[in-house]
Amino acid sequence: RVWSCGNMSVSTTLIGTSSNLLIAGIAAGSGVGLSMFSFAQVAVPVMLVGWVVLVLLGPRAFRGQQDFVDPAMSWRVEIKVSPTAIGVGRRPANIGLHTTQQFKLLHIRRGKERLSPDELIAADDTLVFEATQMGIAALWGSPRLGLSRTRLYAATVAAGEQGTMADLQADTDVQVIAAQTSKRLRKTQAEPGETIFVTCEDTAELQEHQALALWERATDKAPQPALTGWAMAILAAVIVSASFGLAPVEITAFTGAVLMVATRVLTPRSAARALEWDLLFILAGSVGLGAIVVESGLSDVIADAISSLSAGSLPALVIVIAVATTILTNITTNAAAASILTPVAIALAAQQGVDTITLLALVGTCISFTFINPFSHQSNLMVIGPGGYTMGSFVKFGIPLVAVSLVTVVITTYLLVR
């Protein structure tokens, strides 16, 4: 359900998804200006109806999958909760720390007590999990535990080592976070050649540690919730500035990114790594593709074909555009669909005498109906592995959601343009 919620929600604003920005860029070349919430008039009703469908359909479509346990959950993970953690005073199940595809909370250790995983989390509790190797990284990347700003390292126990994990931690800053064992970590034997996950403030500790032969960085530094306030304030400023036209969207967004680095929400290196060059090249190429569609006259040809197919009927025109956009975005990419159909929508608006922005909002909303094909959108690919989904999962859940979304978007658009 997560990928569906995300795809429907991002369609409501200009900066919600890259395809919306692409539509705005192509439309600007034709003299059509789109504001921050130009897409909302069509997207918001679809989003609300879609959420209702998700609430009703989701529990039935994915019944029982939340109890799936990966047989590779052979790692024991022990993480101490900081007194400043946002998870303190809350139940693990309410903050996503109970059971997932990658880890399962076994119990909470409070001093010498062993508590149920359903208990409220208290400061200095130790949460004990069984997890996959990916689950270890996911837990370390959770902001709910208040972890210090340190990295997690995969280390190999040196040959000849005969002590326990407690001995390995003695008189050093190195802390063992995870190992392949069913025992308590401090009582687990450190077997030569075994891989364990450790953390420390300074890598010099790892270099000088005689019990560790090799080590490598496994994750970035643990996220710091204390900086969430700065991040939210900057995001709000970007949205307000773009919404009220205080500055061009591209300048506002770039300024927000710079401020994220200046306030240390992101490091310069993290910001550079966050740039998806493949996506940037795709968007740049799509702008060129949109120009080709216009300059070659292809947009007029497609517009004429759609007009003929709809036989002058406004409801039929809206249906054809919605269905064509949905099919194209599922068999190609949303960027390609946007670059091809944006000029077509502009041409059709001029031919039929309807509002151009509404037709563009129709295209922008339907471009996000990528619920059937897991390969049609990057968010689908992000969840298919951790969620344990298959192609069949997307088809079974996506077809009814796409059908309801199409009916809603057609009715909404027709009421706006008639």
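The values are calculated or read from the model by the stated rules, or taken from the named source; none is laboratory data. Model, not experiment: these values are computed from the prediction. As a convention, Cβ positions derive from the backbone with ideal geometry for all residues, glycine included, and neighbour counts pool all protein chains shown. Accessible surface areas use protein heavy atoms only, side chains included; no ligands, DNA or RNA. Shrake-Rupley method; radii C 1.70, N 1.55, O 1.52, S 1.80 Å.
For the stretch 79-101, the criterion of being in a strand (DSSP E or B), within 23 Å of the chain's Cα centre (by Cα), at pLDDT below 95 and crowded, with 16+ Cβ neighbours inside 10 Å is satisfied by at least one residue. If the condition is being β-branched (Val, Ile, Thr) and more than 10 Å from Val174 (Cβ to Cβ), then the stretch 197-210 contributes only Thr203.
For the stretch 10-56, a tally of residues being open to solvent by 20 Å² or more (accessible area, probe 1.4 Å), polar (S, T, N, Q) and more than 23 Å from the chain's Cα centre (by Cα) returns 3.
Taking interchain pairs and intrachain pairs at least six residues apart, which have beta carbon atoms under 7 angstrom, with the first residue in the stretch 196-207 and open to solvent by 30 Å² or more (accessible area, probe 1.4 Å) and the second of a type outside the set (D, E, K, R) and not in a helix (DSSP H, G or I)? Short answer, once both residue conditions are applied: Glu201/Thr150; Glu205/Thr172; Glu205/Val174. Among all residues of the stretch 266-274, there is none that is at pLDDT 80 or above, closer than 30 Å to Gly229 by Cβ and surrounded by 13 or more Cβ atoms within 10 Å (Cβ to Cβ). For the stretch 211-250, give me each residue that is modelled with pLDDT under 85, closer than 28 Å to Ala155 by Cβ and assigned to a loop (DSSP other than H, G, I, E, B). Listed by number, the residues that qualify are Thr219, Asp220, Lys221, Ala222, Pro223, Gln224. When the residues of the stretch 333-347 are filtered to those that are hydroxyl-bearing (Ser, Thr, Tyr) and either modelled with pLDDT of 85 or more or open to solvent by less than 40 Å² (accessible area, probe 1.4 Å) (or both), the one that is farthest from Ser18 (Cα to Cα) is Thr342. In the stretch 316-332, the residues that are open to solvent by 50 Å² or more (accessible area, probe 1.4 Å) form Cβ pairs under 8 Å with partners that are modelled with pLDDT of 90 or more, at six or more places apart or across chains, as follows: Ile319/Val410; Val323/Leu406. Against the condition modelled with pLDDT of 80 or more, of a type in the set (A, V, I, L, M) and crowded, with 17+ Cβ neighbours inside 10 Å, how does Ile306 come out, does it pass? So Ile306 passes the test. Selection of the stretch 29-52 for residues being of a type in the set (A, V, I, L, M), more than 21 Å from Thr408 (Cα to Cα) and modelled with pLDDT of 85 or more yields Val32, Leu34.
In the set (1) open to solvent by 70 Å² or more (accessible area, probe 1.4 Å); (2) at pLDDT 80 or above; (3) over 19 Å from Gly29 (Cα atoms), the condition left unmet by Asp278 is number (2).
Yes or no: the stretch 139-147 includes at least one residue that is more than 30 Å from Ala213 (Cα to Cα) and not polar (S, T, N, Q). Scanning the stretch 139-147, I find at least one residue that is more than 30 Å from Ala213 (Cα to Cα) and not polar (S, T, N, Q), so the answer is yes.
Consider the stretch 350-382 and keep the residues that are at pLDDT below 80 and part of a helix (DSSP H, G or I). The one that is surrounded by the most Cβ atoms within 10 Å (Cβ to Cβ) is Asn380.
Does Ala211 meet the test of being over 24 Å from Pro143 (Cβ atoms), aliphatic (A, V, I, L, M), crowded, with 17+ Cβ neighbours inside 10 Å and out of contact with any His (no Cβ under 8 Å at 6 or more places or on another chain)? Yes.
Taken together, the residues in the stretch 114-149 that are of a type outside the set (D, E, K, R), assigned to a loop (DSSP other than H, G, I, E, B), buried (at least 17 other Cβ atoms within 10 Å of the Cβ) and on the phi < 0 side of the Ramachandran plot amount to 5.
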